[in-house]
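See below for the structure under consideration.
Every number here is computed from the coordinates shown, using simple stated rules; none is lab data. Note that the structure is a prediction, hence the values are computed from the model and not measured. Positions of Cβ are generated from backbone atoms using ideal geometry, with glycine treated the same way; all protein chains shown enter the neighbour counts.
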Amino acid sequence: MTHLGTGIGWRPEIADAVETLGVDWVEVVAENVWPGHLPDPVRRLLDRGVTVVPHGVSLGLGGAERPAPERLTALAERAEALGAPLVSEHIAFVRAGGPLTGSPRLEAGHLLPVPRTRDALDVLCENVVIAQDSLPVPLALENIAALLSWPGEEMSEGAFLAELVERTGVRLLIDVANLHTNHVNRGEDPLTALDLLPVEAIAYVHVAGGVERDGVWHDTHAHPLPEPVLDVLAALCERTAPPGVLLERDDDFPPVAELSGELHRIRTVVRTSTYAKETQDA
Amino acid sequence: MPEGTTPSTTDAARQRLALAQTSLLSTLVAGTPAPEGFDRSRIAVQRRALLAKRAGVVARVAPELPEILGEDFRPAFLAYARGRPMATEGYRRDALTFVEWLTSESAEGPGSAPALDDTAREALTAWWRERAGPAPLPPAGRVQVLGRAVVRFMRSSTDGARAAFSHPGPGLVRRGVRARRRGPREAPQPTRR
């Protein structure tokens with residue numbers, strides 16, 4: 001598993017800040033970069049030896065259809081253009097309708113949760129294998145935040161992820177803010193998920209801020225990191241040393257000093273975990 | 001291939017999954033009844049969140065529209081978007097369709113377009129004309145479609161391209177030109193920076 005270190009989601013609005021922050025690596029939204037026409041700030045990061053990982057948002061591997069070859073090709077091209085050691089996407093569906101249902105195609109414009117059923121897992125596993133066969137580097141999949149729960153779910157998040165990894169060998173991008181979101185919104189204990197999922201499959205971790213409104217947690221990526229999210233990160237770091245941790249900030253961008261503070265908080269949690277101390281002492 | 005993933009096994013599962021996911025997405029964006037077993041209040045929260053997100057992305061790919069409409073942009077867009085799923089071609093198409101709805105002759109009452117003053121109507125019509133030019137010939141093959149879609153987004157402002165993909169939305173490849181009942185052909189449109 002490639003060591004990544006502490007990183008931040010690259011956004012044009014904070015391009016200058018990212019250059020001064022001295023992060024080990026960044027993640028870019030795959031659909032926002034064009035091979036051969038990388039933004040100059042990203043090109044400069046690459047030239048400095050900063051790892052850049054493309055993160056896709058529109059593949060919809062959790063959907064009923066097989067992934068479109070053109071979308072896989074596009075993701076592969078971005079991995080190659082960036083010299084990335086891996087690519088990431090989501091366990092989600094983003095579109096529905098079409099020939100399988102004889103109804104109009106619908107785009108969600110959003111990452112929607114996959115029902116944790118045998119059917120969905122079988123389809124997801126096949127879609128993941130198809131994707132992996134098209135990609136030049138390993139694929140990591142992210143657990144998403146959900147407002148909704150599907151009725152009649154057959155498996156827990158941890159068990160679902162465990163079987164997905166066992167059957168496909170896919171890597172995991174564990175978003176601890178999303179685990180917290182699902183704790184508030186769906187009553188799902190992050191610690192239970194962390195106990196069940198294969199931590200050795202974790203390629204990297206997302207951390208992000210959010211806000212609670214009317215009993216619902218909104219994973220906004222527009223607020224400072226809350227303690228409960230850092231607690232889930234700490235719990236994860238009790239179980240494994242994640243190869244990478246990435247701060248996501250997508251809106252209401254704070255000054256660079258505040259971003260630096262957020263990265264420091266992340267590094268502190270990682271550095272002071274029991275697992276990290278044990279491996280340091282070994 | 002790993003166990004349990006043979007194509008024949010997944011065909012039936014794909015069918016069942018498609019029905020379930022389409023039913024959920026349809027209630028979220030197309031106004032069909034909620035499928036059984038879902039928390040109705042959460043469905044309502046998710047619907048509103050999707051609408052708000054869609055309005056935000058359209059405002060970023062087409063910043064002229066909130067400029068022209070001011071504080072009327074958001075309520076107008078939400079009135080348009082409720083029950084009208086976003087075009088699969090993406091947010092730029094959504095913005096165009098929104099303006100077509102705004103500038104069309106429509107009856108008064110809830111759900112119809114707000115009345116526009118002459119300045120706004122002129123500005124919206126000019127905006128639409130700049131972006132809904134005559135359609136080029138349909139692409140001959142998949143590679144051409146990908147190339148054309150990439151060129152379209154490259155020509156657009158980086159803000160627009162970034163916003164267009166800031167959330168799952170338009171794919172890099174359109175699924176084909178479709179005839180519309182009214183309005184321009186949906187084809188890659190050159191946009192001015």
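Key figures
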{"quantity": "Sorted by Cβ density within 10 Å, fewest first, the residues A:Ser103, A:Ser134", "calculated": "A:Ser134, A:Ser103"}
{"quantity": "Efficiency of FRET between A:Arg48 and A:Leu191 - r from beta-carbon atoms, R0 30 angstrom, step 0.05", "calculated": "0.20"}
{"quantity": "Fewest-first ranking of A:His223, A:His37, A:His90, using other Cβ atoms within 10 Å as the exposure measure", "calculated": "A:His37, A:His223, A:His90"}
{"quantity": "Sites matching trypsin sites (Lys or Arg not before Pro) across region A:204-265 that sit in DSSP coil, with at most 14 neighbouring C-beta atoms within 10 Å", "calculated": "none"}
{"quantity": "Calculated [θ] (222 nm, deg cm²/dmol) that DSSP helices of n ≥ 4 give over chain A, each run adding -39,500 (n - 2.57)", "calculated": "-12000 deg cm²/dmol"}
{"quantity": "Residues whose placed amide H lies under 5 Å from that of A:Val29, excluding near-sequence neighbours", "calculated": "A:His55"}
{"quantity": "Length gained when the stretch B:Ser104-B:Asp118 is fully extended (0.36 nm per residue, less Cα-Cα span)", "calculated": "3.7 nm"}
{"quantity": "Spin-label model distance (nm) - A:Glu80 vs B:Arg84, 7 Å beyond Cα toward Cβ", "calculated": "4.1 nm"}
{"quantity": "Ranking of A:Thr192, A:Thr168 by count of other Cβ atoms within 10 Å, fewest first", "calculated": "A:Thr192, A:Thr168"}
{"quantity": "Where a label projected 7 Å from the Cα of A:Thr2 along Cα→Cβ would reach, residues of region A:54-71 with amide N under 12 Å", "calculated": "A:54-55"}
{"quantity": "Residue of A:Leu161, A:Leu106, A:Leu139 that the Gaussian network model of chain A assigns the largest fluctuation, springs spanning Cα pairs under 10 Å", "calculated": "A:Leu106"}
{"quantity": "Antiparallel %, DSSP beta bridges [both residues in chain A], to 5", "calculated": "20 percent"}
{"quantity": "Rel. contact order, % - alpha carbon contacts under 8 angstrom, at least six apart, region A:78-143", "calculated": "45 percent"}
{"quantity": "Region A:112-178 versus region A:31-106: alpha-carbon centroid distance in Å", "calculated": "16 Å"}
